[in-house]
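Colleague: Shown below is the structure under consideration.
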């Protein structure tokens, strides 16, 4: 774990950052030279999170990185993570709620609860805990929240037989992402009063360990393409689209 960041560095928290889009987003931010970033890898697994931090450090990128233990489904863990970030850095400039859960087995009450706990309640609690640190941001872009969602959570896409996600089942995932979209709209209203911008973004079909289906041989795009537009959002290039459901290069229906 590194020491406190200087005022010249921006601080980003990325949940679920030990693999996939979260890990790649960290890499892309760390590659930036102006401004330079300090990335907090918010991970539930200490072993995986620490390895991810070591792997990124070994790449010799311009920014700095540290593992931050954070289980989005555990309130105590979320609060402690915010306290640790406050003690070390005194601020956070961006929170990216990337951690996600997709269950594909038999649908049960427990599977629905687990999906909502990670995909909806987790992002809500993370933002609540880190909002005071976001308010201390000195970023030229302004403090911001980015919630990583999915077109699978769009009611319009669920109802459109021509949609690329029409035949995707995963009811628990779809309903929880629909709820995340509403949470994001509520956060635009609630945290906008505090000067914090909120964005919700669908990366599209991207290589991921979230499901066994999201592989390159099935047409999933590389994680570099899924993460790249999030950097644009973080850098203020899509501020005019706050309050919309963002995809790469545009918006889609809720």
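Colleague: Which angle between 0 and 90 degrees, to the nearest 10, do you get for helix 223-234 versus the longest principal axis of the chain when only C-alpha atoms count?
Modeller: 60 degrees
Colleague: Also, quick follow-up: With Rg and Dmax of the Cα atoms in Å in mind, check (i) 25.4, 82; (ii) 22.0, 63; (iii) 17.0, 52 and report the label derived from this structure.
Modeller: Checked against the structure: label (iii).
Colleague: Can you give the FRET efficiency for residue 254 and residue 104, using 1/(1 + (r/R0)^6), R0 = 22 Å, r = Cβ-Cβ distance, to the nearest 0.05?
Modeller: Calculated transfer efficiency: 0.35.
Colleague: Using Cα pairs closer than 8 Å and at least 6 residues apart in sequence, work out the relative contact order for the chain, in percent.
Modeller: Computed over the chain, the figure is 18 percent.
Colleague: Most fluctuating residue of 240, 74, 93 in a GNM of the chain with Cα springs under 10 Å: which is it?
Modeller: Result: 240 has the largest fluctuation of those listed.
Colleague: Measure nothing fancy, just the Cα-based angle from helix 122-134's long axis to the longest principal axis of the chain, in degrees from 0 to 90, nearest 10.
Modeller: Orientation of helix 122-134: about 30 degrees from the principal axis.
Colleague: Starting with the fewest neighbours, write out 176, 104 ranked by other beta-carbon atoms found within 10 Å of each beta-carbon.
Modeller: In order of increasing Cβ crowding within 10 Å: 104, 176.
Colleague: Separate question: Label points 7 Å out from Cα along the Cβ direction at residue 185 and residue 51: separation in nm?
Modeller: 4.1 nm
Colleague: Per DSSP helix of 4 or more residues, -39500 (n - 2.57); summed, then divided by the residues of the chain. What does that give at 222 nm, rounded to the nearest 500?
Modeller: -12000 deg cm²/dmol
Colleague: Can you give the extra length, in nm with one decimal, that the chain gains between residue 84 and residue 228 once fully stretched, where that is 0.36 nm per residue apart less the Cα-Cα distance?
Modeller: 49.0 nm
Colleague: Ok, one more. Helix 46-58 against the longest principal axis of the chain: what's the angle in degrees, Cα atoms only, rounded to the nearest 10?
Modeller: That helix lies at roughly 60 degrees to the long axis.
Colleague: Also: I want to verify a result. In a Gaussian network model of the chain, Cα cutoff 10 Å, which of these has the top mean-square fluctuation: 174, 109, 238?
Modeller: 109
Colleague: Highest GNM mean-square fluctuation, the chain, Cα pairs closer than 10 Å: which of 232, 162, 75?
Modeller: 162
Colleague: Same structure, new question: Using the 10 angstrom Cβ neighbour count as an exposure proxy, how do 54, 121, 126, 231 rank, fewest first?
Modeller: 54, 231, 121, 126
Quick note: the coordinates plus some simple rules give every number you see, no bench work behind them. If you're wondering where the values come from, they're calculated on a predicted model, not measured in any experiment. Cβ sites come from the backbone with ideal geometry, for glycine too, and all protein chains shown count toward neighbours.
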